[in-house]
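The values are calculated or read from the model by the stated rules, or taken from the named source; none is laboratory data. Remember, it's a predicted structure, so these values are computed and weren't measured experimentally. Glycine gets a Cβ as well: all are built from the backbone with ideal geometry, and neighbour counts include every protein chain shown. What goes into the accessible areas is simple: the full protein's heavy atoms, side chains included, and nothing from ligands, DNA or RNA. Shrake-Rupley method; radii C 1.70, N 1.55, O 1.52, S 1.80 Å.
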Amino acid sequence: MNALEVVDLSFAYGAREALRQVSFSLAPGRFAALLGPNGAGKSTLIALLTRLYDVQRGDIRVGGCSLSRTPRPALRQLGVVFQQSTLDLDLSVEQNLRYHAALHGLSRRQSALRVDAELARQALTERRRERVRELNGGHRRRVEIARALLHEPRLLLLDEASVGLDPASRLALNQHIRNLCREQGISVLWTTHLLDEVQPSDDLLILHQGRLVASGQADALSLAHGGDLGSVFTRLTTSGAAR
Ligand code: ADP
Ligand code: MG
């Protein structure tokens with residue numbers, strides 16, 4: 001069963017169309033990169049996947065559960081790191097995680113176990129009592145990843161998670177998520193506008209002006225379009241190409 005299925009999804013902010021008949025599916029345990037320039041519709045898609053916005057047209061299924069008809073089991077399978085950080089800067093790393101675990105309805109005992117496990121997995125155990133304000137950008141992102149994984153979702157969504165990090169931290173974070181995907185079998189949807197965060201074996205979705213203009217394994221896509229991925233991306237996302 002697919003980790004995620006998006007079927008004919010369209011969304012408009014008033015008269016402004018942000019997504020137009022987007023369809024794709026994501027197989028379990030895969031790293032999928034959703035690549036698109038600013039304004040392509042990436043965050044709108046994440047907002048629909050997390051039910052921040054209601055679906056207007058089309059359907060979203062998470063692990064086979066329709067997000068609009070059976071939201072609870074669908075949402076339970078999702079973890080998300082939004083584009084804008086939502087950590088409380090004045091709470092410690094551990095307090096941020098505990099608070100979130102409580103929101104998910106985890107008991108105190110379960111919460112303590114899960115927080116310990118995720119802190120260890122994100123190499124944050126030694127920083128657990130530090131206030132988030134004192135952490136650098138890369139560590140803050142890892143706290144958000146730990147938080148997103150507390151309830152053991154099967155699909156992790158990350159919206160431009162690397163924005164604002166220096167190049168080395170950016171690629172380290174990307175690699176870190178790839179390791180999680182490979183070692184834990186979690187499916188990942190990683191949105192970005194940066195081509196160097198895509199690897200040849202990734203499932204690649206290219207979004208431009210609200211339309212999916214290409215999808216497939218990245219190496220196959222560049223072959224099919226007769227060039228390197230950079231020129232494919234530029235060609236497909238040059239203004240007006242999607243119309
Ligand atoms: P991305 O995340 O790829 O940069 P967005 O999903 O944020 O793209 O935006 C897609 C389009 O929708 C853009 O044209 C943007 O201006 C528009 N948009 C985004 N959020 C809103 C909003 N709250 N109200 C109106 N238009 C919006
Ligand atoms: Mg965005």
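To keep it simple, each residue is scored yes or no on (1) hydroxyl-bearing (Ser, Thr, Tyr); (2) in a loop (DSSP other than H, G, I, E, B).
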residue	(1), (2)
Arg129	no, yes
Arg141	no, no
Glu144	no, no
Ala161	no, yes
Ser169	yes, no
Ala172	no, no
Cys181	no, no
Trp190	no, no
Ala214	no, no
- Task: Can you tell me which residue among Arg69, Arg76, Arg98, Arg57 is in contact with a helix residue (DSSP H, G or I) (Cβ under 7 Å, 6 or more places away or on another chain) and basic (Lys, Arg)?
- Result: Arg98
- Note on Ser43: of the conditions (1) in a strand (DSSP E or B); (2) within 14 Å of the chain's Cα centre (by Cα), unmet is (1)
- Task: Test Ala220 against the stated conditions and say whether it is at pLDDT below 90, out of contact with any Gly (no Cβ under 6 Å at 6 or more places or on another chain), loosely packed, with under 15 Cβ neighbours inside 10 Å and farther than 22 Å from Leu75 by Cα.
- Result: no
- Note on the structure: Over the range 4-25, the set of residues open to solvent by 70 Å² or more (accessible area, probe 1.4 Å) and more than 22 Å from Gly63 (Cα to Cα) is Tyr13, Gly14, Ala15, Arg16, Glu17
- Item | All positions within the range 10-28 that are in contact with an Asp or Glu (Cβ under 8 Å, 6 or more places away or on another chain) and within 16 Å of ligand 2 (Cβ to nearest atom) | Phe11, Val22
- Item | Test: Ile206 is more than 15 Å from Phe24 (Cβ to Cβ), open to solvent by less than 20 Å² (accessible area, probe 1.4 Å) and of a type outside the set (Lys, Arg) | no
- Just a yes or no: is a residue in the range 25-36 touching a residue at least 60 places away in the same chain (Cβ under 8 Å) and within 8 Å of ligand 1 (Cβ to nearest atom)? yes
- Note on the structure: The residue from Ala74, Ala47 that alone is within 16 Å of Leu158 (Cβ to Cβ) and either surrounded by fewer than 22 Cβ atoms within 10 Å (Cβ to Cβ) or more than 16 Å from ligand 2 (Cβ to nearest atom) (or both) is Ala47
- Message: Out of Leu155, Leu75, I need the residue that is touching a Gly at 6+ places or on another chain (Cβ under 9 Å), of a type in the set (A, V, I, L, M, F, W, C), more than 16 Å from ligand 1 (Cβ to nearest atom) and within 20 Å of Leu48 (Cα to Cα). Which one?
- Response: Leu155
- Note on the structure: So, first residue at negative phi in the range 174-197, second residue part of a helix (DSSP H, G or I) and acidic (Asp, Glu), Cβ within less than 9 Å, six or more apart or across chains; the pairs are Asn174/Asp196; Asn174/Glu197; Trp190/Glu197
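Let's see how each residue does on (1) within 29 Å of Arg16 (Cα to Cα); (2) modelled with pLDDT of 95 or more; (3) among the basic types (Lys, Arg); (4) within 16 Å of ligand 1 (Cβ to nearest atom):
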{"site": "Ser43", "(1), (2), (3), (4)": "yes, yes, no, yes"}
{"site": "Arg57", "(1), (2), (3), (4)": "yes, yes, yes, yes"}
{"site": "Leu87", "(1), (2), (3), (4)": "no, yes, no, no"}
{"site": "Gly105", "(1), (2), (3), (4)": "no, no, no, no"}
{"site": "Arg121", "(1), (2), (3), (4)": "no, no, yes, no"}
{"site": "Arg128", "(1), (2), (3), (4)": "no, yes, yes, no"}
- Message: Can you tell me how many residues within the range 31-44 are within 19 Å of Leu155 (Cα to Cα) and within 9 Å of ligand 2 (Cβ to nearest atom)?
- Response: 3
- Message: Could you check the range 113-139 and list, in sequence order, the residues that are farther than 19 Å from Gly79 by Cβ and either open to solvent by 50 Å² or more (accessible area, probe 1.4 Å) or aliphatic (A, V, I, L, M) (or both)?
- Response: Thr125, Glu126, Arg127, Arg129, Glu130, Arg131, Arg133, Glu134, Leu135, Asn136
- Determine, yes or no, whether Ala47 is among the aliphatic types (A, V, I, L, M) and farther than 30 Å from Arg182 by Cα. no
